Amino acid sequence: MLRFVKNTKKKREFRENGDLTVHEIEHAEKTLIKFVQAKFFPTEDSFPNMNVITDEEGIKRVKTRITERSDNPEFIYPIILSGDVFLHNGSLNTITDKIVMMEHKFFLEY
């Protein structure tokens, strides 16, 4: 969808087509995460008893006790997602479940 919006602003000969690039997929995922966080966690008061930071891309993360550990920053500072459910095609799913399923599918196909 992000490519579609971007293409509508370009002349026909400059539009992108074909498979989505890795950058486009990562950008879409980050945009979705920020959208979900803005909807379910509108203020800093939405995180009682949690040490929350906002990374350089605007994604809210939890600062855990294992920050001194030498590891992947995404493990040390996990992304905050809602556990609220939404209805899709007649079944209840959480947004978190959808993102996890998408990541698993990606790595199984890779």
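The values are calculated or read from the model by the stated rules, or taken from the named source; none is laboratory data. Since the structure is predicted, the reported quantities are computational estimates derived from the model, not experimental observations. Because the Cβ atoms are built from the backbone with ideal geometry, glycine has one as well, and the counts that use them run over all protein chains shown. Just so you know, the surface numbers come from the protein's heavy atoms only, side chains and all, with ligands and any DNA or RNA stripped out. Shrake-Rupley method; radii C 1.70, N 1.55, O 1.52, S 1.80 Å.
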Exactly one of T8, T21 is surrounded by 10 or more Cβ atoms within 10 Å (Cβ to Cβ), among the β-branched types (V, I, T) and over 13 Å from the mean Cα position of the chain (by Cα), and that one is T21
Six or more apart or on different chains, Cβ atoms under 7 Å: show the pairs whose first residue is in segment 34-46 and under 11 Å from I59 (Cα atoms) and whose second is surrounded by 11 or more Cβ atoms within 10 Å (Cβ to Cβ) and among the basic types (K, R).
Q37/K60
Restricted to segment 38-50, and to residues that are open to solvent by 90 Å² or more (accessible area, probe 1.4 Å) and not charged (D, E, K, R), which residue is farthest from the chain's Cα centre (by Cα)?
N49
Restricting attention to segment 53-70, the residues that are β-branched (V, I, T) and either touching an Asp or Glu at 6+ places or on another chain (Cβ under 7 Å) or open to solvent by 70 Å² or more (accessible area, probe 1.4 Å) (or both) number exactly 1
I need a count of the residues in segment 47-73 that are over 26 Å from E26 (Cα atoms) and either modelled with pLDDT of 85 or more or in contact with a Lys or Arg (Cβ under 9 Å, 6 or more places away or on another chain) (or both).
1
Only one of (1) acidic (D, E); (2) assigned to a helix (DSSP H, G or I); (3) farther than 26 Å from L81 by Cβ does not apply to E29, and that is (3)
